[in-house]
Amino acid sequence: MTEGQRQGDNIYQVSTFSALLDGVFEGEVPFSVVKKHGDFGIGTFNKLDGEMLAVDGEFYHLQGDGTIKEVKEDEKTPFATVTFFNPSLTYRIQENGTKEQIEQFISSILPSENLFYSIRITGSFRSMKTRTVSKQEPPYSSMTDVVEEQDVSTFKDCKGIIVGFYMPRYVQGLAVAGYHLHFIREDKQGGGHIFDFEIDSGTVEIGEHANLQFVLPKTKEFLEADLMHGNMAEEIEKTEG
């Protein structure tokens, strides 16, 4: 058994999603540290500079202009969620389905909605709609304001990988309750945070987790942030779609 497999029950998260909502876009944790805690996951970069996706131990930086590059060790993150992916459930998708239908199917087979799950979907997609946030500069606006200017792309008839997590409702704000998914095309010619998709065929793999470890920043911005402001569920719905 590898070190990754021994740690497969753990999910490691940098900061909280509520901090992003409040405009805490600078973090302290470099990806050299994040990579020690997982080979699979999602997140973002300092100054909200694009989307992060990790799969099979490779970490990718999905940028607002549509380009993709490998993540540098010294790049830092204000929010990331990773694990060592070790699926315990695998299912084939053999007919067309929407994002809503696939999420409903996954929910129907989860052993419990009170645990945490890592999710990988590898497949052929009729369509895939994603967004990629662009680099911000201080003084930072709230994330709900930032996403009004986000870059949205729709890919047709492509192959790729969906990476993400299902989180229980009771962690809303700490994370994104429900499904939080990112996508990367097989040809590495695009991807981002998923708004919607339609899949023709593919494979769903699910890992089950009972441990969620948070690492909180000690920056002035985080320490002074209002992490319980407004209608959090409504704001997350607006930013995550």
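Show the residues, 5+ positions off or on another chain, whose built amide H is closer than 5 Å to the amide H of Asp39.
Answer set, sorted by chain and number: Thr83, Phe84, Phe85.
List the lysines whose Cα sits under 29 Å from the Cα of Lys238, skipping any in the same chain fewer than 8 residues away.
Counting by Cα, and skipping residues close in sequence, Lys238 has these lysines nearby: Lys47, Lys69, Lys76, Lys99, Lys129, Lys135, Lys156, Lys159, Lys188, Lys218, Lys220.
So what's the back-of-envelope 222 nm ellipticity for the chain, counting only DSSP H runs of four-plus at -39500 (n - 2.57) apiece and dividing by all residues, rounded to 500? Spell out each step's value before the answer.
Numbers: 7 runs with 41 residues, N = 241.
So the helix-based figure for the chain works out to -4000 deg cm²/dmol.
Rg and Dmax of the range 101-192 over Cα atoms: what are they, in angstrom?
Computed over the Cα atoms of the range 101-192, radius of gyration and Dmax are 15.3, 44 Å.
Can you send over the carbon and sulfur percentage of the accessible area for the range 138-184, probe radius 1.4 Å, protein chains only?
Working: 980 of 2160 Å².
Carbon with sulfur: 45 percent of the solvent-accessible area.
List, in order, the whole-Hz ³J(HN,Hα) value for each residue of the range 81-87 obtained from phi through the Karplus relation with A = 6.51, B = -1.76, C = 1.60 and θ = phi - 60°; use x for Gly and Pro.
Per-residue couplings from phi come out as 10, 9, 7, 8, 6, 9, x Hz.
Using per-residue counts of other Cβ atoms within 10 Å, averaged over each peptide, order 89-99, 194-204 from highest down. Show your work: numbers first, answer last.
Numbers: 89-99: 13.7, 194-204: 18.4.
Going by the mean number of other Cβ atoms within 10 Å, highest first, we get 194-204, 89-99.
With both partners inside the chain, how many of the DSSP beta bridges are antiparallel, as a percent to the nearest 5?
The antiparallel proportion sits near 90 percent.
Using R₀ = 35 Å, calculate the FRET efficiency as 1/(1 + (r/R₀)^6) where r is the Cβ-Cβ separation of Thr203 and Thr67; round to 0.05. Numbers along the way, then the final one.
Working: r = 27 Å, r/R0 = 0.78.
Using R0 = 35 Å, I get an efficiency of 0.80.
What FRET efficiency comes out for Lys36 versus Glu137 if R0 is 22 angstrom and r is the Cβ-Cβ distance? Round to the nearest 0.05.
On the way: r = 30 Å, r/R0 = 1.37.
FRET efficiency, Lys36 to Glu137: 0.15.
Hey, what's the range 22-135 come to in accessible area per residue, 1.4 Å probe, Å²? Working shown, then result.
On the way: 4790 Å² over 114 residues.
Result: 42 Å² per residue.
State, as an integer percentage, the relative contact order of the range 10-62 based on alpha-carbon contacts under 8 Å between residues 6 or more apart.
Details: 55 pairs, mean separation 13.9, N = 53.
Relative contact order comes out at 26 percent.
For the range 87-241, calculate the relative contact order in percent as a whole number, restricting contacts to Cα pairs under 8 Å that are 6 or more residues apart. Before the final figure, lay out the partial values.
Details: 275 pairs, mean separation 56.9, N = 155.
Answer for the range 87-241 is 37 percent.
So how much slack lies between Thr98 and Thr154, counting 0.36 nm per residue of separation and subtracting their Cα-Cα distance, in nm? All intermediate terms of the calculation are to be shown ahead of the outcome.
Working: separation 56, 0.36 × 56 = 20.16 nm, distance 1.43 nm.
Difference between extended and current length: 18.7 nm.
The values are calculated or read from the model by the stated rules, or taken from the named source; none is laboratory data. Quick caveat, the model's predicted, so the values are computed rather than measured. Note that we place each Cβ from the backbone using ideal geometry, even for glycine, and neighbour counts take in every protein chain shown. Just so you know, the surface numbers come from the protein's heavy atoms only, side chains and all, with ligands and any DNA or RNA stripped out. Shrake-Rupley method; radii C 1.70, N 1.55, O 1.52, S 1.80 Å.
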